[in-house]
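Written out below as structure tokens is the structure these notes cover.
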Amino acid sequence: MGRYEVPPLPYKYDALEPFIDEETMRIHHMAHHKAYADGLNDALAKINALSHKNYIIGILSDLGGVPADGRDAINFHGGGYENHRMFWESMMPAGGGSPGGRLADEIDVYFGNFDQFKRMFSEGAAAIQGSGWGWLVYNPTYSRLEFLPTQNQTSPWTMKKVPLLGLDVWEHAYYLKYQNRRSDYIDAWWNVVNWAEVEERFLRVAS
Ligand code: MN
């Protein structure tokens, strides 16, 4: 792998209005995500690993294999890089609704029904203290779906879980429009979820 760069947003900065505002999207993508990419490249350079051969998912999945003096920085910036890459693709204009197919069936199995899943995810994400992410993950050890909150930029890959859908609850993700009303941001965010993308991620890992 070479240096990491922020991929272009798959839609315009104002495309998720009114749920997520243009200015937040612009700063989040151009400044925050870029800072994680730069931080990851710097962290890899510091441990002389800029020519590493694995994509960041492989590195996060085996953080213990990272030299100890670079581990925290790669956990933070590598998680931040990959979490945001997934986040942009997890949203779309005119998204929302609910998933179909096998993912819908599995959500019913593990959460009761879609509304209960949404409520549990929303409450779990709202309850994260400080900065972090709320995730729907696939646990490959037990072949099941789970809700997982993580602190700061810690990625589910570091816990051997496969991220299917992640919600950024750092204040930088919502403060300009929602200020301290994190729950309002979460409620609005469900309207832009790209369930087709989440279903594809699930089908790639579920056997
Ligand atoms: Mn963010």
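What is the gain in length, in nm to one decimal, between Ala206 and Arg3 on full extension, counting 0.36 nm per residue of separation less the C-alpha to C-alpha distance?
Residue separation times 0.36 nm, minus the Cα-Cα distance, leaves 70.0 nm.
What is the calculated FRET efficiency for Gln151 to Glu22, with r their C-beta to C-beta distance and R₀ = 22 Å, to the nearest 0.05?
Approximately 0.15, to the nearest 0.05.
Can you tell which of Glu89, Glu23, Glu146 shows the greatest fluctuation in a Gaussian network model of the chain with Cα springs below 10 Å?
Among Glu89, Glu23, Glu146, the largest mean-square fluctuation in the Gaussian network model of the chain belongs to Glu23.
Can you give the helix-only mean residue ellipticity at 222 nm for the chain, where every DSSP H stretch with n ≥ 4 adds -39500 (n - 2.57) and the sum goes over all residues, rounded to the nearest 500 deg cm²/dmol?
For the chain, the value works out to -13500 deg cm²/dmol.
Expressed as a rounded percentage, what relative contact order does the chain have, with Cα pairs under 8 Å and six or more residues apart?
25
Mind jotting down a quarter of the surface of the convex hull over the alpha carbons of the chain, in square nanometres, one decimal?
11.0
Can you compute the label reach from Trp190? Point 7 Å from Cα along the Cβ direction, backbone N cut-off under 17 Å, restricted to the stretch 76-103.
Only 91-92, 94-100 fall inside the zone, counting backbone N under 17 Å.
Most fluctuating residue of Pro149, Pro93, Pro163 in a GNM of the chain with Cα springs under 10 Å: which is it?
Pro93
Quote the relative contact order of the stretch 1-104 in percent (integer), defining contacts as alpha-carbon pairs under 8 Å separated by 6+ residues.
34
What Kirkwood Rh does the stretch 101-206 have if only Cα atoms enter the pairwise 1/r average? Answer in Å.
14.1
Just so you know, all these numbers are worked out from the coordinates, no wet-lab data involved. What you see is a predicted model; the values in this text were computed from it and never measured. Cβ atoms come from the backbone with ideal geometry, glycine included; neighbour counts cover every protein chain shown.
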